[in-house]
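The values are calculated or read from the model by the stated rules, or taken from the named source; none is laboratory data. If you're wondering where the values come from, they're calculated on a predicted model, not measured in any experiment. In this analysis, Cβ positions are derived from the backbone assuming ideal geometry, glycine residues included, and neighbour counts consider all displayed protein chains. All accessible areas refer to the heavy atoms of the entire protein, side chains included, with ligands and DNA or RNA removed. Shrake-Rupley method; radii C 1.70, N 1.55, O 1.52, S 1.80 Å.
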Amino acid sequence: MSFALVIVGGGRMGSALAEGLLAAQWCEPSALAIIEPSSGQRDILATQFGDSTVLASLELEHVDESSGVLLCVKPDHADAALRSVAAVGASRVLSVVAGLSTARIESNFVVPVAVIRAMPNTPVLVRKGVSAIAGGAHVTSDDLNWAESILGAVGSVLRVSERNIDVVTGLSGSGPAYFYLVIEALIDAGVHQGLTREVSRQLVVGTFEGSAALLNETGETPEELRAQVTSPGGTTAAGLRVLEGRAVRAALLDAVAAAVERSRQLGR
Ligand SMILES: NC(=O)c1ccc[n+]([C@@H]2O[C@H](COP(=O)([O-])OP(=O)(O)OC[C@H]3O[C@@H](n4cnc5c(N)ncnc54)[C@H](OP(=O)(O)O)[C@@H]3O)[C@@H](O)[C@H]2O)c1
């Protein structure tokens, strides 16, 4: 039996995408298959996705000309997984594997294949991710729409050229970690000033969520919104002066530059 979509690799990313796709009714559960070599993980997936098919390996009969493959394995396993995808003659592949270029994916196939490379981030696990996609040498706008509809089930999607995927990796791929570091430090700051950790956590996480919502809903720039809470000679001005004095802005520029460079190195 063939499937509309075959997810190769049913780990964190693969199962989050399966969950988002089924919640968004992207396809019937019966049209989805997940390939996962680990039997323990297969049991978990079979419980979670009872109406879909969970298999140990990809076989010829699982794929026809209308099937798409979603590659969700770790970079170390990508070559082996791609050999199995090429062997069954898949014609459309969306890969979320970090550092794996469309050219390298294409080189596994003897015929032209539509390859789309994506860089999602961990908030896809709660369907609030942001992903960027880039097409390979043989993609059509239909293929890009197909990829966008898949990642759109777990968040928002932007299209970029492939040379910018490393920038996306260093910015929004690593981005959650930057925000978590700031959140951690602010929670500690509240505790240092006498709040319980739980109260401090609620205040900081609520402020973070509310600030993001305000940015999105008002359409105002971060500079405008920051100016609105910075009264002359007030408390926010006193706090911001310390952050500027410690060059937080320059540190963020350098952090993203370092992450982008590391992504380039890993992709070589
Ligand atoms: N998590 C993120 O935030 C994030 C963000 C952007 C991109 N990505 C990319 O997403 C990919 C998957 O990440 P993840 O966090 O989901 O990893 P993960 O939890 O380790 O999941 C990968 C799964 O693929 C299975 N697998 C290994 N070889 C396979 C094969 N030949 N065929 C089918 N399945 C195979 C693994 O099984 P075993 O455990 O038995 O090896 C594992 O269950 C990575 O390449 C990563 O770069 C992840």
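The table for this structure:
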quantity	calculated
Some residue of segment 232-243 being open to solvent by less than 90 Å² (accessible area, probe 1.4 Å) and outside any helix (DSSP H, G or I)	yes
Test: residue in segment 135-154 that is outside the structural domain of E36 (by TED's automatic domain parsing), more than 15 Å from the ligand (Cβ to nearest atom) and small (G, A, S)	no
Qualifying residue in segment 157-166 (condition: more than 16 Å from the ligand (Cβ to nearest atom), within 28 Å of E28 (Cβ to Cβ) and modelled with pLDDT of 95 or more)	yes
Any hit, segment 13-23, residues being over 21 Å from N121 (Cβ atoms) and of a type outside the set (D, E)	no
Segment 124-134: number of residues that are in a loop (DSSP other than H, G, I, E, B) and either within 13 Å of the ligand (Cβ to nearest atom) or aromatic (F, W, Y) (or both)	1
Given (1) more than 9 Å from the ligand (Cβ to nearest atom); (2) without any contact (Cβ under 8 Å) to a residue 60 or more places away in the chain, number of the condition M1 does not satisfy	(2)
Within segment 12-38, tally of residues that are within 9 Å of the ligand (Cβ to nearest atom), surrounded by fewer than 17 Cβ atoms within 10 Å (Cβ to Cβ) and among the small types (G, A, S)	1
Residue in segment 114-123 that is part of a helix (DSSP H, G or I) and among the polar types (S, T, N, Q) present	yes
